[in-house]
Each structure stands twice: as structure tokens, then as C-alpha cells.
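Participant: Below: one structure in C-alpha cells.
The values are calculated or read from the model by the stated rules, or taken from the named source; none is laboratory data. Just so it is clear, the model here is predicted, and its values are computed rather than measured. No Cβ is skipped: glycine too gets one built from the backbone with ideal geometry, and neighbour counts run over all protein chains shown.
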Amino acid sequence: MIRGTVGAPHSGDAPPCIPAPIRQEAPVSTPRQERSPAPTLGRRRLGVPALVFMIIAASAPLTVVAGGVTSNYAVTGLLGIPLSFIVLGLVLLLFSVGYSAMSRHVHNAGAFYAYIARGLGRPAGVGAAWVALIAYNAMQVGIYGMFGFALSSFIAGFSGVAVPWWASALAGWVIVGLLGLNKVDLSAKVLGILVALEFLVVVVYDAAAIRSAPEGLSTASLDPGNLFTTGVGAALAFSIAAFMGFESGAIYNEEVKDPRTTARRATFIAVTVIAAFYAFSAWAMAVGEGDSQVIGRSAEFGPDLLFVFLGANSPQWFVDLCALLFVTSLLAALVAFHNVVARYVFSLGREGVLPRSLAAVSRRSAAPVAGSLVQSAVALVLLLVFAIAGTSHEYGPLFPVLTLFTWLTNVGAFGLVLLMALTSFAVIGYLRRHRSAYGAWTRIIAPAVAGVALSILFGLIVANFDVLIGLEEASNLSWILPAVVILPGLIGVLWALYLRSGRPSVYAGIGEGGETADPAGEPDDGGHSSRRPAGMLD
């Protein structure tokens, strides 16, 4: 979920005195000046703070602490959950070294797709695009399951009125769809307010938990021996979901105020804040419940553990406010992932990989209106399918949580970790053409270490997928759900190979986006342009 122009007669393909490599085949591109202008998104709308909020909103801080951390304690039975966030944060900071460097050169709303296309080749890039579309849609639609359940529970608690989960989910669907059609800075403002309130609630919880400390201020949950033992794979697989969406920094690079620095700074800040905040909050939960009790209490109460604790240590009005903010936390994540999918669809439509009509942009808001409507349509269809399937189901009110939410969000995490691993190696492939601009640490070492670590993490997710989706016995779901991500990726590779022979002008534009020039396109390596030489990485 990554460019160069193959065979195009750009002046930067080689120094004037050296002809570009010649391939005996039909040309695969047309001169840029002969193409119609590419659609563009709203320019210069987002600064670093706004982009940081957009990234963090996708991780849904209150949802992660209340739901993700407690589930991790309960399912894995490990005390070292806080340390898992630190470990993953370090891996993603390593990933961000090369990733953010590449973001200075590649400004494309289909970030992972464009990066992989320009670092590993166009077929791999289109395959990654298909994986990204499935993974991000799965993540976004899955969250509707938890949102519908949480909002219906909140309404029932206040009014006594039983609202079906799917009706609550549809209410959220309307709000998300409307925000997706408006200016991106409107979404940024809404998400900024919601994320700030989430942080405030969790900080209050952390302070109360540390003050309570029935077994003292223990640091046992930060001991490596309590993480790196049997079950560590499941623990890391659970925790990585807290970081999903941090690709947003590059996805919005066409809409930020300074494409060369905004996304890079926002990505580093967001990853650091997410890792430190979740590690601290998970440690505070262990302290607040007691190291000997936190696993058992998490298994007993699940996501309600945070609210049970606050109910015993704070006024009722604050507990009610926290329950409402839990709902808005999910809404913020829905908006964030909706915007990501819309921009992927826009990027693929603009380049002709998908129908070009999908690149339609609103004249009023400069939002990717066609991509937004497509994502809303996909979400609506799946919501209706699960609403029908859940009628009179044995899971009762928990049906959308145990199926829609659990299945699809883990499918999304599965696909996104695969894309991050591929992107790490794509960074190495791309930055080797910028040897004079970056040292070995940025070009090779950091992305290579991150790529290996993320590949191992991907293997752990595969090995523990049945645990992640809550299966207690063997089921076809443990291979069907991952196949939903992998098969479209393979089909995407085949589609790219067809484009190479059947529609070469479209193939040539894969990964280019709406750029007019590479900001770092000045010659390096003895005068060779950063543009891809003819035929490279095809």
C-alpha cells in the first residue's frame, strides 16, 4: 500500500552526452505535455499539528486503551503488554527513517502503492494497491461493528430504548460520508477535538490508576521476561493494530503545507506519541489493577474494565462522559480510515489503474468525491450483509463485535503489516538512486532492519491469526480471511502485467500521481537523474 517514468523522453533520464538505454519494444509512455492535466486534491491545507491528529485519530486512543490493551492482557495472559508498544514503536521509527525520506520525493495519495511501485516495480505496486484497498476497507468497515454496538449500548443506558446496532452504525455512516465529501481541513478540525478529548480521558484514568496502585508502583510489566515468552507473537500481533493508520502522513502529502517536511515530521511525532502513550497507559492499567490481578480482571470485564475502574474512582457524570467519548473515538477512526480509502481510490483512478471517473474531485471542497462515495457504498453493502446475518444469531448483541469488528479489523492489520514490510524494501530500491543525498543509515540499514522485523511480525500474525479472531477450535476462517487480502494482491500483479502490454501509456504512469516534478530530481550519482532509467524495475 509506492514511480518513475519508464521509457518517457524526459531530459533527466541521462546526461546529455549519454543516451538513455534502448529497449526494442513499443514505447510505454507518452510525453507528459501531451496528457490532459491530472486531477488534484486541495493544496496547502494541512500543517504538522493537523496531520498528527489525523494519524493518531486512526489509532483511536481511547478504543485502544479500553479495548485493545485489555484484550491483549486477557487473550495472551502476558504481563509485558506495555513493553510490546515500546518494541513496536522502535520498529516503526526505524521504518519511518527511510519512509519519511522517500516522502520528500514521492507526493502521492496512494502512499504505500506509489512507494512500492517506484521501489519494487509497477506490478508489485498495483498488487500492493489492491491489498491496500482491501485492508483499509476492512479496517474501516470493521470499526462500524464496534461503533454500532457502543452507540446502541450508550443510548440504552441513558434512555432505556433498544436501538439495533446496525441502525446506530448507519447513523455513523451518514456522518462519516458527509465529512468525507467536505474539505479535508474540516475533518482535521473535528478529529483534532475528538482526539484531544480522548487523550484527556485516558490521562485522567492513568493518573487515577497510578494513585490507586493496590500493589505499589511496580515495573514488572516492563520486564522483557514478561513479554518475550510463550505468547509473545500474539501480543505483538494485537499491539500492532494500535499503530494502524500512521501511513496517513504520506497519504495526505499532496494536501500538506510543505510536502518536503510536513509528512516527515508528523509521522515521527505521531509514532513516538502513540508508542509512548499506549505503553504508559498499559503500564498504568497494570499498576491500577495490580500485577497479579490485571490479566484476570481483563478477562472478566474486557473493554468495560476501564469504565468499571473509573466508576469506582470518579463521579458518575465522568464515567458517562467517558462512555460517550468511547463512541466518538470510534467515529474519529471511521473518518480517518474513510479518508484514506477515498484517497487510494482517487490515486488509482487518476493514473488509470481504476476507471478515471473515480478520480473525480469536488470543485467546492477539492475532496476526492468519487473515492469517498465508493468507500461509503462498500461500507453500506457490508453493513447490510452483516445486519441480515446477525438476525437472531446466537451471539446476540455482541454479534457485530465478535464478527464484523474482530474479523475485519484483523484482516486489515494483516494486510497493512504486509504492506509496511514491502515498503521497507521498496525504500531501499528507490533511495539507491539518491546516494549523494542520504547516508547508508537512511538508505539501507534502517529500512532493512525494519523490513526484516516487520516480515517476522507478519509471520507471527499468520501463525496466530486464529487467536486474533477469537477462534477456539480449527475453522476455515483462519485461512479464508487472510486469502481475502492476498488473492486481490496477486490479481493486481496480473492486471499490471496486462497494462504493460495492452495499455502501455497507463502502465507508464503507475505510481506517478499528479506530480509535475520530483522535488529532489536534481542529478546525483555522477549526473544520473533520480528519475528511473528506461526499463528499470519493471
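Participant: Can you tell me which residue in region 342-376 is surrounded by the fewest Cβ atoms within 10 Å (Cβ to Cβ), limited to those that are in a helix (DSSP H, G or I) and of a type in the set (S, T, N, Q)?
Facilitator: Across region 342-376, the extreme among qualifying residues is SER357.
Participant: Only residues that are within 22 Å of THR229 (Cα to Cα) and at pLDDT 90 or above: list them for region 467-497, please.
Facilitator: Listed by number, the list is empty, since nothing qualifies.
Participant: Being more than 27 Å from GLY459 (Cα to Cα) and touching a Phe, Trp or Tyr at 6+ places or on another chain (Cβ under 8 Å) narrows it down to one residue among ALA370, ALA377, ALA342; which is it?
Facilitator: Of ALA370, ALA377, ALA342, the one residue that is more than 27 Å from GLY459 (Cα to Cα) and touching a Phe, Trp or Tyr at 6+ places or on another chain (Cβ under 8 Å) is ALA370.
Participant: Are any of the residues in region 188-196 surrounded by 22 or more Cβ atoms within 10 Å (Cβ to Cβ), of a type outside the set (Gly, Ala, Ser) and within 26 Å of ALA370 (Cβ to Cβ)?
Facilitator: Checked region 188-196: at least one residue is surrounded by 22 or more Cβ atoms within 10 Å (Cβ to Cβ), of a type outside the set (Gly, Ala, Ser) and within 26 Å of ALA370 (Cβ to Cβ).
Participant: Would you point out which residue out of ALA448, ALA379 is under 23 Å from ALA111 (Cβ atoms), over 19 Å from the mean Cα position of the chain (by Cα) and at pLDDT 95 or above?
Facilitator: Checking each option against the conditions leaves just ALA448.
Participant: A follow-up question, please. Being assigned to a helix (DSSP H, G or I) and surrounded by fewer than 21 Cβ atoms within 10 Å (Cβ to Cβ), is that true of even one residue in region 405-412?
Facilitator: Yes, there is a match, as at least one residue in region 405-412 is assigned to a helix (DSSP H, G or I) and surrounded by fewer than 21 Cβ atoms within 10 Å (Cβ to Cβ).
Participant: Further, regarding this structure: If you go through region 65-79, how many residues are under 20 Å from PHE277 (Cβ atoms) and small (Gly, Ala, Ser)?
Facilitator: Final tally of qualifying residues: 4.
Participant: Something else about it: What tally of residues in region 174-199 results from selecting those that are part of a helix (DSSP H, G or I) and either on the phi > 0 side of the Ramachandran plot or not aliphatic (A, V, I, L, M) (or both)?
Facilitator: 8
Participant: I would also like to ask the following. Would you confirm, using the coordinates I've provided, whether VAL75 is in contact with a Phe, Trp or Tyr (Cβ under 8 Å, 6 or more places away or on another chain) and not acidic (Asp, Glu)?
Facilitator: yes
Participant: Return yes or no: is ALA124 closer than 30 Å to PRO504 by Cα, in a helix (DSSP H, G or I), at pLDDT 95 or above and not basic (Lys, Arg)?
Facilitator: Yes.
Participant: Further question on the same structure: Somewhere in region 419-432, is a residue within 28 Å of LEU62 (Cβ to Cβ) and either modelled with pLDDT under 90 or not hydroxyl-bearing (Ser, Thr, Tyr) (or both)?
Facilitator: The answer is yes, given that some residue of region 419-432 is within 28 Å of LEU62 (Cβ to Cβ) and either modelled with pLDDT under 90 or not hydroxyl-bearing (Ser, Thr, Tyr) (or both).
Participant: Against the condition of a type in the set (Lys, Arg) and surrounded by fewer than 16 Cβ atoms within 10 Å (Cβ to Cβ), how does ARG435 come out, does it pass?
Facilitator: Here the answer is yes, as ARG435 does meet what is asked.
Participant: Let me ask you something else. Just to verify a result, which residue in region 59-75, among those that are of a type in the set (A, V, I, L, M) and surrounded by fewer than 24 Cβ atoms within 10 Å (Cβ to Cβ), is modelled with the highest pLDDT?
Facilitator: Out of the qualifying residues, it is ALA74.
Participant: Look through region 53-102, keep the residues that are part of a loop (DSSP other than H, G, I, E, B) and touching a Gly at 6+ places or on another chain (Cβ under 8 Å), and return whichever of them is farthest from GLU247 (Cα to Cα).
Facilitator: GLY77
Participant: Select, from MET102, MET139, the only residue that is closer than 17 Å to VAL335 by Cα and within 20 Å of the chain's Cα centre (by Cα).
Facilitator: From the options MET102, MET139, the qualifying one is MET139.
Participant: Hey, another quick one. So is VAL202 of a type in the set (Val, Ile, Thr), surrounded by 17 or more Cβ atoms within 10 Å (Cβ to Cβ) and either part of a helix (DSSP H, G or I) or in contact with a strand residue (DSSP E or B) (Cβ under 8 Å, 6 or more places away or on another chain) (or both) or not?
Facilitator: Yes, satisfied.
Participant: A further question on this structure: Have a look at PHE405, PHE458 and point out the one that is under 19 Å from ILE486 (Cα atoms) and among the aromatic types (Phe, Trp, Tyr).
Facilitator: PHE458
Participant: Next question. Which one of the conditions (1) in a helix (DSSP H, G or I); (2) surrounded by fewer than 16 Cβ atoms within 10 Å (Cβ to Cβ) does ALA162 fail to meet, given that it meets all the rest?
Facilitator: (1)
Participant: Quick one: is PHE147 of a type outside the set (Lys, Arg), in contact with an Asp or Glu (Cβ under 8 Å, 6 or more places away or on another chain) and part of a helix (DSSP H, G or I)?
Facilitator: The answer is no for PHE147.
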